[in-house]
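Heads up, the thing below is written out as structure tokens.
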Amino acid sequence: MGEKMPIKILVALVALLIGTPATDAVSEPSDSLASPESFASIADPAARSAAMFVELGKVLTSPRCVNCHPAGDHPHQGEQGRLHQPPVERGADGHGLPAMRCSICHQQANFDPAGVPGHPEWQLAPREMAWEGKTLAQICAQIKDPKRNGDRSLEALVHHIGTDTLVGWAWAPGFGRKPAPGTQQEAGALAEAWVKTGAVCPN
């Protein structure tokens, strides 16, 4: 416990130096997600599948996801998706440069006194998984492609969305951040239903 305190003090000082914009202090309930059952009235399976992905897209295009799936090598932060401060880069393994690793500030869990998010596996999504600036149809095609989704099958993708704890951070992001819509369980259920109905992408 005593060994971790200097790191927490450092993180708090960094947060004070860079500031936490008042506009980002929005720890409010997330928007809800429709259940797979609510799409039963859409008779055509392909149309139903695409509609469920559009609903799942509320999560995928939220700041909690897009900030860590940037188009370049710099993560974003906040509700407006501004560039991360202090300025950091992806690095060879997605965990930052040797002199500024993600884990220096991002510890095992959120550190709310300084507004710093945390998770044991904190990192930037791989370049091939970037979807900042893409349409929902483009994101859909991308996450179905093993070459651009971390070499995951559709079934593994459902697991990733519905149970992965790093993905789950999006629904418990700590002070000053709006959670992703719904819950991780609801997002996982939508992903599973989307796959079972053919994993059809919207236009």
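Observations on the model:
- The residue that is surrounded by the fewest Cβ atoms within 10 Å (Cβ to Cβ), among those in segment 20-35 that are closer than 23 Å to residue 138 by Cβ and at pLDDT 95 or above, is 34.
- Whichever residue in segment 40-66 is open to solvent by 30 Å² or more (accessible area, probe 1.4 Å) and in contact with a Pro (Cβ under 8 Å, 6 or more places away or on another chain) and, among such residues, is nearest to residue 122 (Cα to Cα): 58
- Taken over segment 137-158, the criterion of being without any contact (Cβ under 8 Å) to a residue 24 or more places away in the chain and open to solvent by 50 Å² or more (accessible area, probe 1.4 Å) is satisfied by 138, 146, 147, 148, 151, 152, 153.
The values are calculated or read from the model by the stated rules, or taken from the named source; none is laboratory data. The model shown is predicted, which means the values in this text are computed figures rather than measured ones. Don't worry about glycine lacking a Cβ; one is built from the backbone with ideal geometry, like all the others, and counts go over all protein chains shown. Side chains included, ligands, DNA and RNA excluded: accessible areas come from the protein's heavy atoms. Shrake-Rupley method; radii C 1.70, N 1.55, O 1.52, S 1.80 Å.
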